Amino acid sequence: MTASKAGTAIEHPSGPAARWALHVRGAVFSPVTVSIVAALILGAIILAGTGADPLTAYGSVLTGAFGSEGIGDTLGECIPIVGLALALAIPLRAGLVNLGGDGQLVLGGLAAVSVGLYSPFPGAITVILALLAGMLAGGLWAALAAVLETRCGVPLLVSSLLLSYPAMSFVSYMVRFPLLQKGSGIPQTDRLPEGVKLPEFAAGSGAGTGVSVGIVLIVLAAVVYFVVDHRTAAGYEVRMTGLGARFAGYAGVDRARLTLRLMFASGSLAGLVGAITVLGFPYRMVDGALTTPGYTWTGLLAALLAAASPLGTVAAGFFFSALTIGGFGMEQETAVPQQLTAVLQAVVILFLAVRGGIFRKGGWLHRLGRGPDGAAAPPPDLETGVLESGVLEPAVPEAAVPEAAVPEAAVLDTGVAGPPAPARGDGGK
Amino acid sequence: MSFDAELIFSALRALTPILFAALGGALCERAGVFNVSLEGTMLIGCFAAVTGSWFGGSVWVGVISAVLAAMVFSLLLAIGAVTLGADAVVLCIALNLLAVGLTGFLLRTVFGKQGTFGDPDLKGLQPVDIPGLESVPFLGRALSGHSPLVYLSWVAVAVIAVLLSRHPWGVRLRGVGEAPEAAQSLGVSVARYRYAAILTSGALCGLAGAQLALGNVTLFSENMTAGRGWIAVVAVMLGRALPIGVLLAGILFGLVEAVGFRLQGEGMPQQAADAAPYVMTLVALFLATRSRARRGAAPPGRLTGRIPRPRRFARTTSEPQS
């Protein structure tokens, strides 16, 4: 998207004002904006269908998310959602989909709470150790999924998700049995010792805002991701792999090692989010508290929306956090279930995924307009085996490769479908 | 724990939703569409089954509405992936989440419930006793007395197996998956066959949802598919998208689920039983790729949109070459 915008700017270099106007036009008509607007229109239709006034409902989403009461909640919600969005964006940048965020998240939380409860060190050191333990636990679990892909040929998409379920069961067991608070009716661990916690930002009146300093760590993670992505060779390799895995392979990128590293980074960030969450209020681990809200899935959608670009992911994560919190406000105001916001989030991605097919040259809209000539044009179905971005190689060359000549390395080249999004460059910015 | 007829019975019951969904996944795989939206489509089927049965007053209205709703839902994938040429994986991720949000939303708006809807008046699938078989000592208790959809799933395996290997329709479908350009140049519409495969897989996922929500239990609860659609995806890989292979893989998962459930009754923590099918899945995938790697063949599951490749089929099936 940035590339296309730059291209148009070069064609019409008529002063900075005109260039700026083109940028604005590019942003307004970008696929992301169009998808969001389309989803909001669909949401308005659903709202009208349930008998609510769409404008009132959307207004209550805004006040719920950004009102004086809501903004703290929205920022609090940003910690897990933006954190996981960043975590999942890291492999997505290279076209790898990590669906195991939930497992990495809870393992991080469990590791942090275990360290917090049993560490012999004073508060501050324990907090740092707990954060590191959380990162390590999540990272190792994610790395296991990477090994399953590179060594055993299980697609990352499937291996990461399948590893997630036993991790969640294990953590649930640990919280409900060995670490259970004695005499508690709620499945939760003991409260962390005094001093073992991430402090909250204080509001003007001195009361806690519910936003822990964990948000600083998330911002820090975003900054690191931005710098690595834009300024280092490693970030370049990752983006190149996302644009064309085969090409990157020929250029000397070690796919297996890259997968392992990206997954470790992704998992450790997810684990960090888990650690931050248990080190904040209520300073303990409650069974299901990390997975029930579906942070992983919201985060994944945010990363997809932003094409995994660092700044875009933060923006999309913030947008989805506001939508989630605003949904609760909407439910109070208009009695429309807040699940509607989850529907809207998914619909945005649906629209975004099909945008190319509708709007691009030779797409559905164009063929429709051309009438009978359009029917004579090469049918689009031939392309469907192939990703828009070309990350997945076309059918013919692959089928033409003799089976014996397809060692593991070739499989890895083609083994994972990248979303079309990363191919668009820095989509969300 | 004893290995008895009841265990087989519950394994077969647990197998059914996975088997239906995996058959749908296998069809898509053969047609060259990597369909990982089985989970969400099944969940839509669950909800539509309960809604249809509740408002229609008959369990069959429930089953039919499950099939139709799941087909409409999978139509989104067909339009997006086939007509509009979007990335199937991204579409499927969004569709899975759409299903979770949509069923949660509708549960609140239609039934006014949060979490779970169940009612004693909700009609579920009645067990069918097979005359003659039910009096056979061991087999009778294991094979008779299932819901009609369980038997339908076995029929579906046979029908799809014959269709894919013997019928021109199935041969063309495989051709579309293995060499779309060749199929197109021979006058076979790639788009039409892919639409058919995706919609059929939607219908099968609808049946899976109906069996889950009206057969195994009689209620709807949020996210009740609980990863079964993903196990079905793995079953497609392990079974190499062959109906019989998918059946065998499904039986493995059904057994693990049944054994886990049984052990849970004998004091094993629930969490261990929950985790067992996934651990089993991973172990099975691991072993399958290991043994195949030793023979020098490619791993079974590859996210290429076309998992099984032509040559491998020539080896593993006895079907006539098309």
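Read-outs throughout are calculated quantities, based only on the coordinates presented, and are distinct from any laboratory measurement. Keep in mind it's a predicted model, so treat the numbers as computed, not measured. Note that we place each Cβ from the backbone using ideal geometry, even for glycine, and neighbour counts take in every protein chain shown.
Given the stretch B:172-234 reduced to its alpha-carbon atoms as identical point scatterers, what log10 I(q)/I(0) does the Debye formula return at q = 0.16 Å⁻¹? Taken in order of the listed q values, log10 I(q)/I(0) reads -0.65.
What are the semi-axes of the equivalent ellipsoid for the stretch B:153-294, taken as the square roots of 5 times the Cα gyration tensor eigenvalues, largest first, in whole Å?
Working: eigenvalues 219, 75, 31 Å².
For the stretch B:153-294, the ellipsoid semi-axes come out as 33, 19, 12 Å.
Computed over the alpha carbons of the stretch A:74-201, Rg followed by Dmax gives 16.1, 48 Å.
Within 14 Å, Cβ to Cβ, of B:V110, how many net charges do the neighbouring residues add up to if Lys/Arg are +1 and Asp/Glu are -1? Walk me through the numbers on the way to the answer.
Details: positive: B:R108, B:K113; negative: B:D119, B:E222.
Taking every Cβ under 14 Å from that of B:V110, the sum is 0.
Across all Cα atoms of the stretch A:149-197, the radius of gyration (one decimal) and Dmax (whole number) stand at 16.5, 47 Å.
Cα centroids of the stretch B:144-214 and the stretch A:295-311: 34 Å apart.
For the stretch B:153-205, rounded, prolate or oblate, judged on the Cα gyration tensor with a ≥ b ≥ c (square roots of eigenvalues), a/c < 1.5 rounded, else prolate if a/b > b/c?
oblate
Only loop residues by DSSP count here, and only those with at most 10 other Cβ atoms within 10 Å; note down the trypsin sites (Lys or Arg not before Pro) in the stretch B:66-129 that meet that.
Details: sites: B:R108, B:K113, B:K123; in loops: B:K113, B:K123.
Passing sites in the stretch B:66-129 do not exist.
Among the trypsin sites (Lys or Arg not before Pro) within the stretch A:145-247, those in coil by DSSP and having at most 11 neighbouring Cβ atoms inside 10 Å are A:K182. Highest average first, the peptides A:130-143, A:34-47 ordered by how many other beta carbon atoms sit within 10 Å of their residues are A:130-143, A:34-47. Cα convex hull, the stretch B:1-64: 130 Å³ per residue, rounded to a whole number.
Report, in cubic angstrom per residue, the convex hull volume of the C-alpha atoms of the stretch B:20-112.
82
Values of log10 I(q)/I(0) for chain B across q = 0.08, 0.12 Å⁻¹ run -0.36, -0.82, by the Debye formula with one identical scatterer at each alpha carbon and no solvent. Considering only B:R174, B:R290, B:R240, the Gaussian network model of chain B with Cα springs below 10 Å gives its largest mean-square fluctuation to B:R290. Amide H to amide H distances under 5 Å link B:H146 with B:V128, where only residues 5 or more positions off or on other chains count and H is placed in the peptide plane. Separation of the stretch A:99-174 from the stretch B:217-284 is 23 Å, based on Cα centroids.
Counting every Cα pair in the stretch A:156-271, what percent are over 24 Å apart? Result: 56 percent of Cα pairs exceed 24 Å. Measuring spread by the Cα atoms of the stretch B:66-141 yields a radius of gyration and Dmax of 19.7, 55 Å. For the stretch A:253-325, the Kirkwood hydrodynamic radius from C-alpha pairs, put into Stokes-Einstein at 20 °C and a viscosity of 1.002 mPa s, yields a diffusion coefficient of 154 µm² per second. Around the amide H of B:F117, modelled in the peptide plane, lie the amide H atoms of B:F220, B:S221, all under 5 Å away and 5 or more residues distant in sequence or on another chain.
Taken as Cα centroids, the stretch A:321-354 and the stretch B:1-61 sit 28 Å apart, rounded to the nearest whole angstrom.
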